[in-house]
Amino acid sequence: MHLQQLAYFVAVAEARHFTRAAEAVHVSQPSLSQQIRALEKELGAELFSRARGNITLTDAGGTLLPLARRILADADTARREVQELVQLRRGRVRLGATPSICTGLLPDVLRAFHDLHPGIELLLEEGGSHDLVRELARGALDLALVVLPLPAASPALTTVELLHEDLVVVSSTDRPRPGRGGAVRISDLRHESLVMFRHGYDLRELTVAACRAEGFEPSFTVEGGEMDAVLGFVRAGLGIAVVPSMVATRAGRDLRTTPLAGPGLRRAIALAHRSDVAPPRAARELQRLLLTSRPATG
């Protein structure tokens, strides 16, 4: 049983005439009659009574008609649903990102994407790069913004570098400016109390590694917070923090930003997805927007 046969059957049932039905569905009358006979043969029952040119539904035809209409309506709904998805009218994107990227980069990009495609649902998961890579590998995310380099044991991922970003020091405007000469050296952090992110944050690992490379362990006043909590603790004067420059520019006037002295600290942000599975159409559109909206960072 084919959808075309059901469409022809409904056309004849409504027109009560084979020739007019054939004209309505834009086929020849012999072709339509042939398909109706094939449908009757498959069902094992006549669908129309053709006595003296008067076309009426048999009991079998009367039973089939509402079912055929429902099947055709469902097929049309399925067709439209898929077309809407392809045309980015509906769908979803599962995006992972580190918390600092969510704070700094994503608000403007996601707003632009939503303006272009208001029917696409955006599902965002925050986490460290290690966690996001694991979620990509198990298929729980379509795309992820991660910090390079990826863990050595990462699954097969395709990554495209999105931006390089300087890290800076933020401090309370109520406290003395850290460092000397308008910049903070990594070695200066030996004498500062840091507000530190929780374990699993890429920023924590990067900052601690830089301090150890200078031969000391950093001192924490408070540790274990998320990005907003860390900035709040810094505002309260509990210490200083090393954060991405994009986050610092959005942090508000009550926080002072001081650059790190050269060579400083930088991080590379990449857009990643599984190599063995192409992202859905909506995710590819978000990927395109992210790549074409790369901010100019230091």
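So the values come out like this:
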{"item": "Cα-based convex hull volume of the chain per residue, rounded to whole Å³", "result": "175 Å³"}
{"item": "Area accessible to solvent at Ser293, 1.4 Å probe radius, in Å²", "result": "50 Å²"}
{"item": "Cα-based Rg of segment 203-298 normalised by 2.2 N^0.38 Å, two decimals", "result": "1.38"}
{"item": "Net charge contributed by nearby residues that have their C-beta within less than 11 Å of Gly224 (K/R +1, D/E -1)", "result": "0"}
{"item": "For segment 68-226, size of Cβ-based charge dipole, Lys and Arg +1, Asp and Glu -1, in debye", "result": "360 debye"}
{"item": "Over segment 15-166, relative contact order from alpha-carbon pairs under 8 Å, at least 6 apart, %", "result": "17 percent"}
{"item": "With DNA, RNA and ligands ignored, accessible area of Ser193 (1.4 Å probe; Å², nearest 10)", "result": "50 Å²"}
{"item": "Whole-number D in µm²/s for segment 1-88 (Stokes-Einstein; Kirkwood sum over Cα pairs; 25 °C, 0.890 mPa s)", "result": "179 µm²/s"}
{"item": "Accessible area expressed per residue, the chain, with surrounding protein chains retained (probe 1.4 Å, Å²)", "result": "51 Å²"}
{"item": "Accessible-area value, Phe216, 1.4 Å probe, nucleic acids and ligands omitted, Å²", "result": "10 Å²"}
{"item": "Proximal charge balance of Pro280 [Cβ under 15 Å; K/R count +1, D/E count -1]", "result": "+2"}
{"item": "Computed label-point distance, nm, for sites Thr249 and Ser193 using a 7 Å Cα→Cβ extension", "result": "3.2 nm"}
{"item": "Length-normalised contact order for the chain - Cα pairs under 8 Å, 6+ apart - percent", "result": "21 percent"}
{"item": "With Cα atoms, 0 to 90° folded angle of helix 59-86 axis to the chain main axis", "result": "30 degrees"}
{"item": "Accessible area in the full protein assembly, largest first, 1.4 Å probe, for His2, His199, His26", "result": "His26, His199, His2"}
{"item": "Folded to 0 to 90 degrees: helix 281-292 orientation relative to the chain principal axis, Cα", "result": "40 degrees"}
{"item": "Equivalent ellipsoid, segment 39-179 (semi-axes from 5 times Cα gyration tensor eigenvalues, Å)", "result": "61, 18, 11"}
{"item": "Helix 29-43 axis, angle to the chain major axis (alpha carbon atoms, nearest 10°)", "result": "80 degrees"}
{"item": "Accessible surface ranking that places the most exposed of Ser171, Ser245 first, with a 1.4 angstrom probe", "result": "Ser245, Ser171"}
{"item": "The chain - percent of accessible surface contributed by carbon and sulfur, probe 1.4 Å", "result": "51 percent"}
{"item": "Total charge dipole magnitude, segment 100-167, about the Cα centre, Cβ charges on Lys, Arg, Asp, Glu only, Debye to nearest 20", "result": "220 debye"}
{"item": "For Ser193, residues with placed amide H under 5 Å, excluding near neighbours", "result": "Ile240"}
{"item": "Within the chain, percent of DSSP bridges classed antiparallel, to nearest 5", "result": "60 percent"}
{"item": "Stretchable slack from Ala229 to Thr173, in nm (0.36 nm times residue separation minus alpha-carbon distance)", "result": "18.4 nm"}
{"item": "Signed unit charges on C-beta, dipole axis of the chain, positive-most listed residue Ala7, Val222, Gly252", "result": "Ala7"}
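The values are calculated or read from the model by the stated rules, or taken from the named source; none is laboratory data. Remember, predicted model here, so these are calculated numbers, not experimental data. All Cβ positions, even for glycine, are placed from backbone atoms using ideal geometry, and neighbour counts span all protein chains on display. Keep in mind that these areas ignore ligands, DNA and RNA; they rest on the heavy atoms of the full protein, side chains included. Shrake-Rupley method; radii C 1.70, N 1.55, O 1.52, S 1.80 Å.
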